[in-house]
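Undergrad: Sharing a structure here in structure tokens format.
The values are calculated or read from the model by the stated rules, or taken from the named source; none is laboratory data. Every value quoted in this text rests on a predicted model; they were computed, and no experiment measured them. Neighbour counts are summed over all protein chains in view; Cβ atoms, including those assigned to glycine, are modelled from backbone coordinates with ideal geometry. The protein model used for the area step is the full one, side chains on, heavy atoms only, and it has no ligands, DNA or RNA in it. Shrake-Rupley method; radii C 1.70, N 1.55, O 1.52, S 1.80 Å.
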Amino acid sequence: WELVAEVTGVTTMIDWESPSYGDIEYRATAFTVEGATAETVIIVAARSDSLWLSGGAGFGVTSRLPFDPKVSISAGRARAVKQYAGGSLPVAYTGEALSRVVNVSGRVTDRDAESASVEQLTRVAQLEHDRFLFRDPDGRRVYGVIGQIDMPRESAMSHPEGWDGLWGYSFQLTETVAR
């Protein structure tokens, strides 16, 4: 089990870090001053086929990225090759430092209230918090740092009311640990 919250009294809570797809089990345990306990388990079916980028306090500022997503992940470990005098081949060394970088791109539109807009992505990109959370429908949750989010306009005046509101986006998230 992974602790989501420790609360007293009656409360409603949102799990901003839950996987975006799958059956998620939540267990609530209640304790009394006299030492009695009660426990209940519920299963919540999450069925989002979108990518998500979240930031802010408790990762509560969330952007849904459903349109034409592309993801590539680069992973590695620190390695070096040293050539020593007198040796015919170099010597391989492996370090402790791990790396994982997630490159994400896709599209957003100003005409869908359920997906991120340029304004929402701008808000996320400019948050003052250190870490962000990337989630995908495969169950990956990667915590890390983003740089800027690039958002080029993808289309011209093809919509009867003017701009059709289609934008591209791309960002890179580098996995980090919490301080």
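Undergrad: Give the residues of region 101-150 that are over 16 Å from LEU51 (Cβ atoms), out of contact with any Gly (no Cβ under 8 Å at 6 or more places or on another chain) and loosely packed, with under 15 Cβ neighbours inside 10 Å, sorted by residue number. I'd like the intermediate steps shown before the answer.
TA: Keep residues of region 101-150 that are over 16 Å from LEU51 (Cβ atoms), which gives 110-111, 113, 118-119, 122-123, 126-131, 145, 147-148.
When the remaining residues are screened for being out of contact with any Gly (no Cβ under 8 Å at 6 or more places or on another chain), the result is 113, 118-119, 122-123, 126, 128, 130, 145, 147-148.
ALA113, GLU119, THR122, GLN126, GLU128, ASP130, VAL145, GLY147, GLN148 - these are the residues of region 101-150 that are over 16 Å from LEU51 (Cβ atoms), out of contact with any Gly (no Cβ under 8 Å at 6 or more places or on another chain) and loosely packed, with under 15 Cβ neighbours inside 10 Å.
Undergrad: Please go through region 19-52 and give me each residue that is within 16 Å of ARG140 (Cα to Cα) and surrounded by 12 or more Cβ atoms within 10 Å (Cβ to Cβ), ordered by number.
TA: Passing the criteria: PRO19, SER20, TYR21, GLY22, ILE24, ALA46, SER48, SER50, LEU51, TRP52.
Undergrad: Of the numbered conditions (1) of a type in the set (Gly, Ala, Ser); (2) over 27 Å from ASP130 (Cα atoms); (3) in contact (Cβ under 8 Å) with a residue 40 or more places away in the chain, ALA30 fails exactly one; give the number of that condition.
TA: (3)
Undergrad: In addition: Looking only at region 53-90, which residues are touching a Gly at 6+ places or on another chain (Cβ under 8 Å), open to solvent by 60 Å² or more (accessible area, probe 1.4 Å) and touching a residue at least 40 places away in the same chain (Cβ under 8 Å)?
TA: Once the filter is applied, which keeps residues that are touching a Gly at 6+ places or on another chain (Cβ under 8 Å), open to solvent by 60 Å² or more (accessible area, probe 1.4 Å) and touching a residue at least 40 places away in the same chain (Cβ under 8 Å), region 53-90 yields only PHE67.
Undergrad: Would you list the strands (runs of 3 or more DSSP E) that sit entirely within region 4-80 and hold 2 or more residues that are aliphatic (A, V, I, L, M) and under 18 Å from the mean Cα position of the chain (by Cα)?
TA: Here the list reads 51-55, 61-65.
Undergrad: Might you check whether a residue that is surrounded by fewer than 17 Cβ atoms within 10 Å (Cβ to Cβ) and modelled with pLDDT of 95 or more occurs anywhere in region 152-166?
TA: Checked against the condition, which is being surrounded by fewer than 17 Cβ atoms within 10 Å (Cβ to Cβ) and modelled with pLDDT of 95 or more, region 152-166 yields no hits at all.
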